[in-house]
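Visitor: Below is a structure I'd like to ask you about.
The numbers here are math on the coordinates, done by the rules we state, and not lab data. These numbers come from a predicted model, not from an experiment. As a convention, Cβ positions derive from the backbone with ideal geometry for all residues, glycine included, and neighbour counts pool all protein chains shown.
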Amino acid sequence: MLCPRGHQPSLEHPMQSPPHDPASALAIRNQYRQSQSRAARLRLLVDTGQELTHLPPQAMRQCVLQRACAFVAMDHGLLLEWSANNGVQTTASHGSAERLATLETAADPLAIGPQWLERPDTDLPCMLLLPLRGADEGSFGTLLLANSVGINAPDNEDIESLQLLATLLAAHLENNRLLDALVVREQTMSELVRQLFTAQEDERKRMAYDLHDGLAQTLAGLHQRLQGFAGRCPALPEPLDADLQAILKLAQHCVGEGRQLISGLRPSVLDDFGLLQAVDKDADRLREAGVAVHWRSRSL
């Protein structure tokens, strides 16, 4: 039959979907799973790294251990660290204490990389060892993950992510150790400086007392004897009298310098009224000499 205007009728065919390809669907699912795995690894490292910056060392250890166990679905974990005398110290644990006791013997202080171990006849038949490496690439501990039932080994990317997590923990622990060592060093230096100042002050005090009781008394006695001699001495010729007066002035000057020396070593006002009054008195003395001095004290 002819359509209007003489056109032939057209048959519309529905769009056909491409044939189902099982291989393509499987590849897409695999890519999706891989992308999810990569996102989970990245989230593990980023989230843990951010959290570690706000935690004390012991909480850092427990946080990393629990997150590592959860990431690979293993129900036991142990964090071992070597002490300075090569002793082994358990610093964090997760799981049954009875079963964890068998893990300590599996730690390898010489390990430089992750290791997957299978022990079929034990309570924890599979185990992952992750060394804690410091800045010198030496190992100062081990992160042990184990499971009470046998499971397949994690893939290489998961193990690498867990090793990065262990290295991240090692870096934070090492930074804390360095900061603690720096604090101890600063405290030691402060104590040494305090002892040095104390020793200097004690020595200045001793010298001031020695000068006051020794040389200063001798000079004062000499000046008094000279004054007494000059008072009893009959009238002298002018040249001799001038010499005697010069000797008296010299003796008086020596007494004054001795007192200034003693005051400089250990001002008496420092012992009598304390540091602030001593500083104020020295400031007044400098002002009298024409030096502009301004000072203030504040509580620490």
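Visitor: Name the residue, out of 92, 170, 246, whose mean-square fluctuation peaks in a Gaussian network model built on the chain with Cα pairs under 10 Å.
Guide: Checking each option, the largest mean-square fluctuation is seen for 246.
Visitor: List the relative contact order of the chain as a percent without decimals, with contacts defined as Cα pairs under 8 Å and 6+ residues apart.
Guide: Values: 276 pairs, mean separation 34.9, N = 300.
Once normalised by length, the contact order is 12 percent.
Visitor: For residue 268 and residue 202, what does the FRET efficiency come to when R0 = 22 Å and r is the distance between their Cβ atoms, rounded to the nearest 0.05?
Guide: In this case the efficiency is close to 0.85.
Visitor: Taking only Cα atoms, what is the 0 to 90° angle, nearest 10, from helix 275-288's long axis to the longest principal axis of the chain?
Guide: Helix 275-288 sits roughly 60 degrees off the main axis of the chain.
Visitor: Go through region 126-133 residue by residue and turn each phi into a ³J(HN,Hα) via Karplus (6.51, -1.76, 1.60, θ = phi - 60°); whole Hz please, and just put x for glycine and proline.
Guide: Couplings: 9, 8, 10, 9, 10, x, 8, 9 Hz.
Visitor: Count neighbours as other Cβ atoms within 10 Å of each site's Cβ, and list the GluC sites (Glu not before Pro) in region 42-147 that are DSSP loop with at most 12 such neighbours. Write down the numbers at each step before the final one.
Guide: Working: sites: 51, 81, 98, 104, 118, 137; in loops: 137.
In loop regions of region 42-147 (DSSP not H, G, I, E or B), the sparsely surrounded GluC sites (Glu not before Pro) are 137.
Visitor: Another question, if that's okay. Could I get the Rg over Rh figure for region 188-288? Both from C-alpha atoms, Rh via Kirkwood, rounded to two places.
Guide: Details: Rg = 19.5 Å, Rh = 16.4 Å.
Checking Rg against Rh, the ratio lands at 1.19.
Visitor: Which values of log₁₀ I(q)/I(0), to two decimal places, follow from the Debye formula for region 50-184 at q = 0.11 Å⁻¹ with a uniform point scatterer at every Cα?
Guide: At q = 0.11 Å⁻¹ the computed log10 ratios are -0.36.
Visitor: Let me ask something else. Which one of 63, 105, 115 is farthest out on the positive end of the charge dipole of region 32-182, using unit charges on Cβ (Lys, Arg +1; Asp, Glu -1) and the Cα centre as origin?
Guide: 63
Visitor: Now a separate question. Counting each DSSP H run of 4 or more residues in the chain as -39500 (n - 2.57), what helix-only mean residue ellipticity at 222 nm follows after dividing by all residues, to the nearest 500 deg cm²/dmol?
Guide: Helix contribution divided over all residues of the chain: -20000 deg cm²/dmol.
Visitor: While we're looking at this one, here's another question. Hey, rough spin-label estimate for residue 178 and residue 209, points 7 angstrom out along Cα→Cβ, what's it come to in nanometres?
Guide: For the pair residue 178/residue 209, the computed spacing is 4.8 nm.
Visitor: Something else about it: Taking N as the number of residues in the chain, what value does Rg over Cα atoms divided by 2.2 N^0.38 Å take?
Guide: 2.28
Visitor: Nearest 20 debye, what's the magnitude of the dipole of region 188-288 about its Cα centre given +1 on Lys and Arg Cβ and -1 on Asp and Glu Cβ?
Guide: Working: 12 positive and 16 negative charges, 27 e Å.
Computed about the Cα centre, the dipole is about 140 debye.
Visitor: What translational diffusion coefficient, to the nearest whole µm²/s, does region 246-291 have by Stokes-Einstein, given a Kirkwood radius computed over alpha-carbon pairs, a temperature of 4 °C and 1.567 mPa s viscosity?
Guide: For the chosen part, D equals 109 µm²/s.
Visitor: Rounded to a whole number of µm²/s, how large is the Stokes-Einstein D of region 185-225 at 37 °C and 0.692 mPa s, given Rh as the Kirkwood radius over C-alpha pairs?
Guide: Translational D for this selection: 268 µm²/s.
Visitor: Report, to the nearest 10°, how far helix 156-213 tilts away from the longest principal axis of the Cα atoms in the chain, using its own Cα long axis and a range of 0 to 90°.
Guide: The helix 156-213 is inclined about 10 degrees to the chain.
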